[in-house]
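Here the structure is laid out as structure tokens; the discussion comes afterwards.
The values are calculated or read from the model by the stated rules, or taken from the named source; none is laboratory data. This structure is a prediction, so every number in the text was calculated from the model and none was measured. Cβ: placed from backbone, ideal geometry, glycine included. Neighbour counts: every protein chain shown.
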Amino acid sequence: MSLQLNKHAIIKNTVKVGGFTFLSRILGIIREVLLVRFFGVGALSDAFIMAFRIPNFFRHIFAEGAMSAAFIPVFVKSVKEKNTAESNGLMSLSFLFFEGLVLILYALILFNTPFVVRCIAPGFSEVQVAYTVPFLRILFPFLLFVSSSSLLAGALQSVNHFFAPAFGTPLWNLIYIITLLIALTNNLSSFVICFGILIGGAAQFLLHLYFFFKSGFSFGSITQPIIASFKTILAKFFPCLFGVSIVELNLLVSGIVASFLPKGSVSLLYYGSRFMNIPLGVFAVALSSVLLPHFSRVVLYAPKRLNFYILETAKSVTWIVLPFVLAMTFFAKPLFAMILSSKHGGTEHVHQACIILSLYLVGLLFFCLNKILLNVFYAMKDTWSTTKSSAISAFVNIAGDIVGMLIWGTYGIAGACAFSGIIMTFSCFYYLKKKHGFRFYSGNYFNFLGRYCTQLTVVSAGFLILFYTAQHYALTIPYLQWILTGIGFWFFAGILTFCSVLFIFVTRSLFGINLYFLKK
């Protein structure tokens, strides 16, 4: 298997990973609908979401974040040198260390669960704390499965195998959904859902383990040179803990602050962030997963080439994300009306969720850019710059959460999160230029952005004309009324959105839009 990635391979693997991630996000929408049906929007849903947020938080910053960012560049180097013994030994030592940390962390949480819950949700009532404690005790071992999967995924990505890492999340979501359906149909306890989450995590781990052995890897003996290589991983790991997933850190802080707001506020912020994360995961996370091992190779052979990749990646991310922002803002109301249409949700909840999502979407482009920029730093083995950038962003987020909560409630928290993402992007560019002498070709980027905004204006105008014209005639023509509600509405909206996106793709050259990754 070739270890090199040209631009076609990069976009091919991004589409592969993004495709499975998109499938996962679609399953995620179904999952959220079922979750609302099961828990509603209130004290119990807040408790479940806060309990699951802890293993998920560590999953993003520890397993899929810091651990992957520190592990992959070192592992890629050993694979490129065809040092199989070192690769296998490095995997063994990494497993022992990182999974040992997870087990120690679980033991600490298991025996101090009420204290942990009060730390992450200081505004919860005694009833909400009582709900959250058993949820957290059952759900935390999920981190053990996903952290193990992340290590194995790092090894697979080093040889350009992206199927198992990409398919693992849809598999987990599918098992999660099946569990929810069983629990809803049979009126089972909410603890059944917790165990379903663990079963899905175990299945994800076994999938990665199978392809790990199939790719020719194994677990080897630990020697002194391997310990020396592992020290390099640790030197990057601890600074990465803070810097790698600022979005998740900010969302956790937002949840802590939101615990002081009325019941259901944590749930509404969660649902808003979940839908904001659809394009973030479908494209930005997928592309960053593919590019991290590639950046690690570029740094070894042609570091100045990273200037070009930063520009073109920023253009590609913008090209993908802006239509998502427009579409999700436009369809927010019918989307949340569908999800929250139960005895637990009402018009007020739908209105709040729409505004929260719109505020999160303001920062979406910057969240996506941050995923890419952080991997540039990690490929260059620079973790301190990301730590400083993350510290600035986290401070802005915490201050914004507190001030925003006091003035605007949940809206202030969502707005603070978006603003902190913008600050993070500018901080990353500042440190890239100051410390590494990188040059961002801003003239080229803003020229592209102006042309693209012109194209989007034309497409949006056409979309709105067709959408409202069709709805107008549907009110008077019986055989067209199916597009006004339910599945019919989403079928019609989906076709119209797809045609708009296709138009954007086909006419890009007419507007002078050139993207490196889409050139033949």
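Tabulated values for the structure
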| item | result |
| --- | --- |
| Those residues of the stretch 350-381 which are of a type outside the set (A, V, I, L, M, F, W, C), farther than 30 Å from Ile233 by Cα and surrounded by 21 or more Cβ atoms within 10 Å (Cβ to Cβ), in sequence order | Gln352, Tyr360, Gly363 |
| Restricting the stretch 318-358 to residues that are touching a residue at least 60 places away in the same chain (Cβ under 8 Å) and in contact with a Phe, Trp or Tyr (Cβ under 6 Å, 6 or more places away or on another chain), the residue that is nearest to Ala43 (Cα to Cα) | Ala353 |
| Condition broken by Leu432, with the remaining ones in (1) within 18 Å of Leu365 (Cβ to Cβ); (2) in contact with a helix residue (DSSP H, G or I) (Cβ under 6 Å, 6 or more places away or on another chain) satisfied | (2) |
| Filter result (farther than 16 Å from Gly272 by Cβ, small (Gly, Ala, Ser) and at pLDDT 80 or above) within the stretch 216-258 | Gly216, Ser218, Gly220, Ser221, Ala228, Ser229 |
| Number of positions in the stretch 70-104 that are charged (D, E, K, R), more than 25 Å from the chain's Cα centre (by Cα) and closer than 30 Å to Ile138 by Cα | 0 |
| Helices (runs of 4 or more DSSP H) contained in the stretch 24-138 and holding at least 1 residues of a type in the set (D, E, K, R) and buried (at least 24 other Cβ atoms within 10 Å of the Cβ) | 43-58 |
| Pair list, Cβ < 7 Å and 6+ apart or interchain, from the stretch 217-240 residues that are in a helix (DSSP H, G or I) to residues that are of a type in the set (Asp, Glu) and buried (at least 17 other Cβ atoms within 10 Å of the Cβ) | Pro225/Glu86; Ile226/Glu86; Ser229/Glu86 |
| Some residue of the stretch 442-461 being in the same structural domain as Ala332 (by TED's automatic domain parsing), under 26 Å from Lys333 (Cβ atoms), of a type in the set (S, T, N, Q) and free of Cβ contacts under 8 Å to residues at least 12 places away in the same chain | no |
| Residue check, Leu188 without any contact (Cβ under 8 Å) to a residue 40 or more places away in the chain, out of contact with any Pro (no Cβ under 6 Å at 6 or more places or on another chain) and assigned to a loop (DSSP other than H, G, I, E, B) | yes |
